[in-house]
Each structure stands twice: as C-alpha cells, then as structure tokens.
Amino acid sequence: MTGFRTSTRRARDNAIANVALNSMPREHAAGRATSSTRVAALVDTNILVYRFDPRFPDKQARATELLRTGIADDSIRVPHQALIEFIAATTRPLSRNGPSLLSPDDARRELEEMLVQFEVLYPDEEVVRVAIRGAATYGLSWFDAHMWAYAERFGLDTLWSEDFENGRLYGRVRASDPFVA
C-alpha cells in the first residue's frame with residue numbers, strides 16, 4: 001500500500017524494537033540508564049522554498065541549516081502537500097515575465113531528492129477530518145489547517161512554519177517560526 005508507507009514503516013520499527021527489548025534478560029532491561037526519544041517535526045512549504053530563494057539570504061541560510069540538520073538526525077518529516085506546493089511555488093515566475101526560483105526540470109530534480117532524503121507523510125481520511133476540525137477550531141485557512149493536520153495526525157510535536165503564530169500550541173502541535181530571532 002503505497003499511501004501508507006509511513007505508518008507501515010513505524011509499525012515495523014516498533015515491532016523490531018519490542019522484540020529486542022522483550023528478548024533481553026530482565027536484569028539488563030531495567031537499570032539506571034535513561035533514554036530520550038526525539039520526536040520528528042513537520043516542515044511547511046515555506047521552509048522548502050526559502051532554501052532556493054536568494055532574495056532572502058538570512059531565511060535561505062536558516063532553511064538550509066534546518067533541513068540539513070533534519071537530514072542528519074532524521075528529525076524532519078515532509079507532508080505530501082508541501083511537495084506539491086513546492087513545485088508550484090518554485091516554478092512560478094517571481095514577476096510578470098520574470099524568472100522563477102527554479103526551472104521545472106530543476107524543481108522536479110529537487111523534489112526527487114526530497115523523496116529520498118525525508119520521510120514523506122501522505123494524507124488519509126483522518127488527516128482530512130483533523131484538518132476540518134483545525135479550520136473550525138483555530139480559524140486556519142484550509143491549506144494551513146491541512147498542513148497542521150499532518151503534524152497532529154502523525155504525532156509530531158513541532159510544525160516549522162512562518163505561517164502560524166510562533167510558539168502557539170495548536171492541539172498537541174507547537175508552531176515554531178525558524179526565522180524569528
């Protein structure tokens with residue numbers, strides 16, 4: 001089932017971890033060691049687009065840093081919606097008869113790279129239902145509600161975006177604007 005790759009991968013990884021933990025002798029399973037699990041964050045389209053936008057060098061540098069860190073420690077998830085919006089935003093002319101941020105070929109190549117570098121979250125019925133509730137509860141636009149719904153639905157605690165109120169908690173998801181000093 002192609003559209004459910006994320007939950008299938010997570011279920012498989014949890015099953016492997018549970019088998020490993022349950023097969024350990026009891027005296028090794030409990031002890032003084034502590035661990036913490038880093039929860040991945042969701043990135044909004046604007047982070048992906050600023051990576052290629054030289055008009056805003058500070059935002060470009062911050063977006064690049066955030067994405068590189070996310071690749072290195074597997075802490076970033078990208079919603080399917082952001083990939084679609086990325087192509088539209090980077091291939092649209094910046095001004096009347098002006099250039100775009102990326103050519104269609106370059107945008108497609110970058111999209112292919114993102115598919116390899118990041119875990120992509122795909123919509124399901126629950127994402128749509130959560131988005132409907134988010135639009136009504138928080139007064140979000142449909143597209144913002146849908147973006148937030150991915151994070152809420154997949155249990156991500158942070159949504160990196162400049163389109164939400166920085167620091168605000170939306171359900172279980174905190175919006176964080178990476179461009180705020």
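The values are calculated or read from the model by the stated rules, or taken from the named source; none is laboratory data. Quick caveat: nothing in here was measured; it's all calculated off a predicted structure. Cβ placement follows ideal geometry from the backbone for every residue including glycine, while neighbour counts extend to all protein chains displayed.
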Out of LEU101, LEU169, LEU121, which single residue is touching a strand residue (DSSP E or B) at 6+ places or on another chain (Cβ under 7 Å), on the phi < 0 side of the Ramachandran plot and hydrophobic (A, V, I, L, M, F, W, C)? LEU121
Could you say which residue among ILE87, ILE132 is surrounded by fewer than 20 Cβ atoms within 10 Å (Cβ to Cβ), under 18 Å from the mean Cα position of the chain (by Cα) and not in a strand (DSSP E or B)? ILE87
Checking ARG174 against (1) over 15 Å from ALA82 (Cβ atoms); (2) under 14 Å from the mean Cα position of the chain (by Cα); (3) free of Cβ contacts under 8 Å to residues at least 60 places away in the same chain; (4) surrounded by fewer than 16 Cβ atoms within 10 Å (Cβ to Cβ): exactly one of these is not met. Which one? (4)
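Any idea which of VAL116, VAL130 is of a type outside the set (Lys, Arg) and in contact with a helix residue (DSSP H, G or I) (Cβ under 7 Å, 6 or more places away or on another chain)? Let's see the steps before the verdict.
On the way: VAL116 fails: in contact with a helix residue (DSSP H, G or I) (Cβ under 7 Å, 6 or more places away or on another chain).
Exactly one residue qualifies, and that residue is VAL130.
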Could we say that TRP160 is touching a residue at least 60 places away in the same chain (Cβ under 8 Å) and touching a helix residue (DSSP H, G or I) at 6+ places or on another chain (Cβ under 8 Å) here? yes
Hey, LEU140 of a type outside the set (Asp, Glu), under 22 Å from ALA72 (Cα atoms) and at pLDDT 95 or above or not: no
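Being of a type outside the set (Phe, Trp, Tyr), within 18 Å of GLN81 (Cβ to Cβ) and outside any helix (DSSP H, G or I) narrows it down to one residue among VAL127, VAL120, VAL180; which is it? Can you show your working first?
Values: VAL127 fails: outside any helix (DSSP H, G or I); VAL180 fails: within 18 Å of GLN81 (Cβ to Cβ).
Exactly one of VAL127, VAL120, VAL180 is of a type outside the set (Phe, Trp, Tyr), within 18 Å of GLN81 (Cβ to Cβ) and outside any helix (DSSP H, G or I), namely VAL120.
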For VAL128, which of the numbered conditions (1) closer than 23 Å to TYR150 by Cα; (2) touching a residue at least 24 places away in the same chain (Cβ under 8 Å) fails to hold? (2)
Restricting attention to segment 135-151, report how many residues are assigned to a helix (DSSP H, G or I), in contact with a Gly (Cβ under 9 Å, 6 or more places away or on another chain) and over 15 Å from SER176 (Cβ atoms). 5
